[in-house]
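> Sending over a structure as structure tokens; questions will come in a sec.
Bear in mind that the values in this text are calculations on the coordinates, not laboratory data. Keep in mind that this is a model prediction, so the values were computed, not measured. No Cβ is skipped: glycine too gets one built from the backbone with ideal geometry, and neighbour counts run over all protein chains shown.
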Amino acid sequence: MSIQQPIAMALIQSILLAAGSLGAETPSAVLRDAPLVKFPAETDSNSPAHWDGGTFYLFSPVGKVWKWHAGQWNEKGLGGRLTPIFPAKIDWARADADSLWGPSIHWNTHLQQYVILLNRTKDKPGWPQEGIYISFNPDVSNPSGWTAPKKIHDKGEWYPQVIGLDKSKCESDKLAGRVVRFFMKGQSRWEIVFLKPGEKAGE
């Protein structure tokens, strides 16, 4: 696979940022319209790259990465300002903390939308788990397009994610369809069935 192939990559790094917090960032790469399999050493000679088996790194993206700020992709990747997508309501270091964190994002072929799962910590420091939340967006280049996060699981464990089940489509944690395995902290006990508006689970 060449880095010139159609591929949508979103650096969802501003989700955790909030005034007064630690400003932690969680990058999550999204692959779309490209096989989610091997990454051969076929790259742009001007963009040295490396694949460690799970993440594709571009070591020289100077001038090619921009950050989301004040409704635009107009801040430089290095040193630029960021506007949070889901800002913390209350700094997570406070006793009454309230913040979403730990995003896991995938492209859902059934919904034709991007889907994010998030943890929520609330009411005391130390990152206690209040629940798992979900948000949708058909256009990952528009951070304002994410729906208001809704709770899908009470409490639970850290690090929610889904894994697609269709091997023929090379589904994974970044590409999934209607039925997926739901994981928390690396373990799965349930499936999630994604439904379009008006669609019923038995259909």
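> Going residue by residue through the stretch 140-152, is there one that turns out to be basic (Lys, Arg) and more than 21 Å from ASP98 (Cα to Cα)?
No, the stretch 140-152 contains no residue that is basic (Lys, Arg) and more than 21 Å from ASP98 (Cα to Cα).
> Criterion first (in a loop (DSSP other than H, G, I, E, B), farther than 19 Å from ILE192 by Cα and either among the polar types (S, T, N, Q) or out of contact with any Pro (no Cβ under 8 Å at 6 or more places or on another chain) (or both)) does LEU78 satisfy it?
It is true that LEU78 is in a loop (DSSP other than H, G, I, E, B), farther than 19 Å from ILE192 by Cα and either among the polar types (S, T, N, Q) or out of contact with any Pro (no Cβ under 8 Å at 6 or more places or on another chain) (or both).
> Return the only residue of SER144, SER188 being more than 14 Å from the chain's Cα centre (by Cα) and assigned to a helix (DSSP H, G or I).
SER144
> So GLY102 ticks every box in (1) touching a residue at least 60 places away in the same chain (Cβ under 8 Å); (2) more than 16 Å from the chain's Cα centre (by Cα) but one. Which box is left unticked?
GLY102 satisfies all of (1) touching a residue at least 60 places away in the same chain (Cβ under 8 Å); (2) more than 16 Å from the chain's Cα centre (by Cα) except (2).
> From the set of residues in the stretch 153-174 that are over 21 Å from LEU100 (Cβ atoms) and either among the charged types (D, E, K, R) or in contact with a Phe, Trp or Tyr (Cβ under 8 Å, 6 or more places away or on another chain) (or both), which is surrounded by the most Cβ atoms within 10 Å (Cβ to Cβ)?
Across the stretch 153-174, the extreme among qualifying residues is GLU171.
> While we're here: State which residue pairs qualify: first residue surrounded by fewer than 18 Cβ atoms within 10 Å (Cβ to Cβ) and inside the stretch 123-147, second residue of a type in the set (Ser, Thr, Tyr) and outside any strand (DSSP E or B) in any location, beta carbons under 7 Å apart, and separation of 6 or more residues or different chains.
Short answer, once both residue conditions are applied: PHE136/THR147.
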